[in-house]
Amino acid sequence: MARNVLDELNSAKLENLRSQIRVLKETSQFYRVKFRSVDPQSIATIDDLASLPYTSNQEIRDAGPFGLLLDGAMPEAYFESSGTTGQPTVGFPDLSHEKAKSFADFLDGWMGLRNERIKRALVSLAYEMNPTGSRFQMALPYAGVTVIPSGVRSTICPPEKILSLITTLKPDALFSRPFEVLRMADGLRQLGVEAGDTSVRKVFVLGEPISKNKWRRMRSAWDDADLYAHYGLTEVDTGLHSCSNGYYHAPASPFSHFSLVDAQLKPVVKDGTRGEIVISVLKKAHAPLVNYRTGDLATKLSGRCACGSDHPRYDIIGRQADGIELGGKTVFPIEVEELVYGVEDVGNEYLFILKDGGELLLLLERAFGSRKTPEEIALDVAERARSGLGIEVGVTVKEYGTIADKLGIAKKKGARFTDLRGLDAETRRDELRVNVVDSDQLRSGSGIPISI
Ligand SMILES: [Zn+2]
């Protein structure tokens, strides 16, 4: 992108920021206090955001379910995050038809939906309490796509039913979460169908950090399907979008701004350095957040991306809170995932178990069709952990399909540690279960998969 285009974008952002602060000071109880000493006209560049007060996740939780809503706001729906860390975080995304139309235009331009005649899409994303399913449901028809709303991790449309929808209705595109996309491929194989032989040509994923090797695995499982990923949060109506190389780019839009800050809340300016992602929403919204600390870490990368884009690009590492201290350094689940998914003989299912003494045990399974013994694979992974990450890990490799029932409903998102430290025996057993429901529990007494 030419320098003057970036300058123009930044000056449009500056105007939007000033006006957003004026709106917030007038109509937000929360920001009226936080920004009381901020004069919008004194903000000279978009980078001055760094000197404004930050908004933390805890603050918006403390403000209560409706505490961030602007005076007079009439949101279409109430959503909240799963609250795995305790209290949920609420969000009021724009679910208007105007927003759906503009989202459809964005998706169409990005994914080439009309050009490539994408007619049907299976949307295997949450429709309950989470806006992702509804967002795609509302937008895709405007891009000429009929939606098959299967939901995800649901007993109403369980995994076996989802797989049968893929084989019988032949969707051209699949919208889901990374772990489910890999599991669907495994589940199809179990039913005698290769995911690569289905009609799916485009795969869209969100909701989890994705290692480069997972990116590669998802593509190859679906026969080099075009892969698209989005990073966003329930509480902000914007996000980063991936390019063909698996990096996340900031949108070329004057209505949001992304930056990274270090532990002292100073802007991360050096490329290749990690920082916490900070998001500012610079347009009208029901409950806009400015200088919002996401709690997620990313690395900012320099130079033009191999995809040709000059827009800022990031590698997303995951939640700051997910890092563990190991061998004198902080290790994130995505780094361990990158390591194990780099070994072709390792299957897609895994548990990264943190034991009481702080030891990390990788419970893995053999890849389908692997000719190596579990012992050989374990040695290979342990050696790579030593040489690649500089950490000592225990590795146990089981036979393909023995870690989890692939037609069941998984309990956790991918790229997480299973932390057993300090747990009692019962909670420990529960933590080690990969599925919340196995496929036999998803069948009626006659053995027929349940469905609506
Ligand atoms: Zn790129």
#### Entry: Estimated inter-spin distance, VAL33 and LYS119, nm [label 7 Å along Cα→Cβ]
5.7
### Query
Pairing the Cα long axis of helix 178-190 with the longest principal axis of the chain, what angle in degrees results, from 0 to 90 and rounded to the nearest 10?
30
### Message
Per DSSP helix of 4 or more residues, -39500 (n - 2.57); summed, then divided by the residues of the chain. What does that give at 222 nm, rounded to the nearest 500?
### Response
-8500 deg cm²/dmol
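Within the range 46-101, list the GluC sites (Glu not before Pro) lying in a DSSP loop whose Cβ has at most 16 other Cβ atoms in a 10 Å radius. List each step's numbers first, then the result.
Working: sites: GLU59, GLU76, GLU80, GLU98; in loops: GLU76.
Counting only loop positions with at most 16 other Cβ atoms within 10 Å, the GluC sites (Glu not before Pro) in the range 46-101 are GLU76.
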### Message
Restricting to Cα pairs below 8 Å that are 6+ residues apart, what does the relative contact order work out to for the range 231-333? Please round to a whole percent.
### Response
21
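For the pairs LYS101/LYS170; LYS300/LYS412; LYS25/LYS283; LYS25/LYS99, note any where the Cα-Cα span goes beyond 22 Å. Mind dumping the intermediate values first?
Numbers: LYS101/LYS170 25 Å; LYS300/LYS412 28 Å; LYS25/LYS283 14 Å; LYS25/LYS99 25 Å.
Correct reply: LYS101/LYS170; LYS300/LYS412; LYS25/LYS99.
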## Note on the structure
Taking R0 as 35 Å and r as the Cβ-Cβ distance between GLU26 and THR168, the FRET efficiency 1/(1 + (r/R0)^6), rounded to the nearest 0.05, comes to 0.05
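In percent, what relative contact order does the range 260-306 have, based on Cα pairs under 8 Å that are 6 or more apart in sequence? Working shown, then result.
Working: 74 pairs, mean separation 17.7, N = 47.
After rounding, I find 38 percent.
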### Query
Can you list the GluC sites (Glu not before Pro) in the range 311-373 that are in a DSSP coil and have 15 or fewer other beta carbons within 10 angstrom?
GLU344, GLU359
### Message
Need the list of aspartates and glutamates near LYS372 for cross-linking: C-alpha distance under 16 angstrom, and skip anything on the same chain fewer than eight residues off.
### Response
GLU344, ASP345, ASP380, GLU383, GLU399
#### Entry: Net lengthening on full extension, LEU6/THR155 (0.36 nm per residue, minus Cα-Cα)
48.9 nm
### Query
So for the pair VAL436, PHE368, with labels modelled 7 Å out along Cα→Cβ, what separation do we get in nm?
2.6
### Summary
By the mean-Cβ-within-10 Å protection proxy, highest first, 100-111, 121-132 rank as 121-132, 100-111
## Note on the structure
Measuring from the longest principal axis of the C-alpha atoms of the chain, the long axis of helix 3-27 (C-alpha) lies at a number of degrees, nearest 10, equal to 80
### Message
Between 0 and 90 degrees, rounded to the nearest ten: what's the tilt of helix 97-111 against the longest Cα principal axis of the chain?
### Response
60
### Query
How big is the charge dipole of the chain about its Cα centre, in debye rounded to the nearest 20, if each Lys and Arg gets +1 on its Cβ and each Asp and Glu gets -1 on its Cβ?
740
### Task
Among the trypsin sites (Lys or Arg not before Pro) in the range 334-376, which ones are in a DSSP loop with at most 10 other Cβ atoms within 10 Å of the Cβ? Mind listing them?
ARG371
### Task
Quote the FRET efficiency, to the nearest 0.05, computed for GLU76 versus ALA382 with a Förster distance R0 of 35 Å and r equal to the Cβ-Cβ distance.
0.10
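All of the numbers you see were taken from the coordinates with simple rules; none came from a lab. What you see is a predicted model; the values in this text were computed from it and never measured. Here Cβ is always computed from backbone atoms with ideal geometry, including for glycine, and neighbour counts include all displayed protein chains.
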